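The values are calculated or read from the model by the stated rules, or taken from the named source; none is laboratory data. Computed from a prediction, not measured in an experiment: that's the story for all the values here. Please note: Cβ atoms are built from the backbone with ideal geometry, for glycine as well, and neighbour counts cover all protein chains shown. Surface areas here come from the heavy atoms of the whole protein model, side chains and all, with no ligands, DNA or RNA. Shrake-Rupley method; radii C 1.70, N 1.55, O 1.52, S 1.80 Å.
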Amino acid sequence: MAIVQEISELLQAGRAPKVKKLVQQALDEGVAPQDILENGLLNGMGIIGEKFRNNEVFVPEVLVAARAMNRGIEVLRPYLITAGVEDKGTVIIGTVAGDMHDIGKNLVKMMMEGKGLKVIDLGVDVPVDKFLDAARENDAKIICCSALLTTTMQEMGEVTKAVAASDLNGAVKVMVGGAPITANFAESIGATYTEDAATAADVALELCAAS
């Protein structure tokens, strides 16, 4: 449908007010909420994610596109609930204890939301127990830990140990990321690593679908 395609294109251009207006117009015209979500909003954000992965767009473009997506979802959410459309999975995200950096975390959150995942953002300087408590309270499938400092990387290992020793063992996966993080480090602590935010969103979607 042309209006859904236009929503996708306006989202990619970061035209938040127009996206909001057009989502409402589509609803008024009887377009199914699921169609608007999947083929309009998520489609547009998926294209931005792919372009970001290929270095065709950069963080500012992702930010404005994500803002446009969120404005559209604000309008759409009550209709999705009424239609019984469920989230594709819940992810807990935060920057580990001792670390106050959040730019990378925020980017991963936007990419994951762009895949239709529900993301609970715990912010920065998050202690181990808070990650686990939030996963339990929200029936999350994934805990995502971010770190920018080499001195705080080890906190990620504390999270994976705590998950393994808890009732969440086997039910919740841990994903890690940040400038100092490598695939080898992630493997050494029993976590999943991806090299960029767009890939992290793809992997998170796969993990939620498989659980």
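Annotations
- Among the numbered conditions (1) touching a residue at least 40 places away in the same chain (Cβ under 8 Å); (2) open to solvent by less than 30 Å² (accessible area, probe 1.4 Å); (3) among the aliphatic types (A, V, I, L, M); (4) not in a helix (DSSP H, G or I), the only one that Val85 does not meet is (2).
- Residue check for Ala179: open to solvent by less than 70 Å² (accessible area, probe 1.4 Å) and out of contact with any Cys (no Cβ under 8 Å at 6 or more places or on another chain): no
- Hey, Val96 over 19 Å from Val59 (Cα atoms) and either open to solvent by less than 50 Å² (accessible area, probe 1.4 Å) or in contact with a Cys (Cβ under 9 Å, 6 or more places away or on another chain) (or both) or not: yes
Residue by residue, here is whether (1) touching a residue at least 40 places away in the same chain (Cβ under 8 Å); (2) open to solvent by 50 Å² or more (accessible area, probe 1.4 Å); (3) more than 16 Å from Lys88 (Cβ to Cβ) holds:
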position	(1), (2), (3)
Glu29	no, yes, yes
Gln34	yes, yes, no
Asn39	no, yes, no
Gly44	no, no, yes
Gly49	yes, no, no
Arg53	yes, yes, yes
Phe58	no, yes, yes
Glu61	yes, yes, yes
Arg67	yes, yes, yes
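- Hits in region 10-26 (condition: surrounded by 17 or more Cβ atoms within 10 Å (Cβ to Cβ) and in a helix (DSSP H, G or I)): Leu10, Leu11, Gln12, Ala16, Lys18, Val19, Lys20, Leu22, Val23, Ala26
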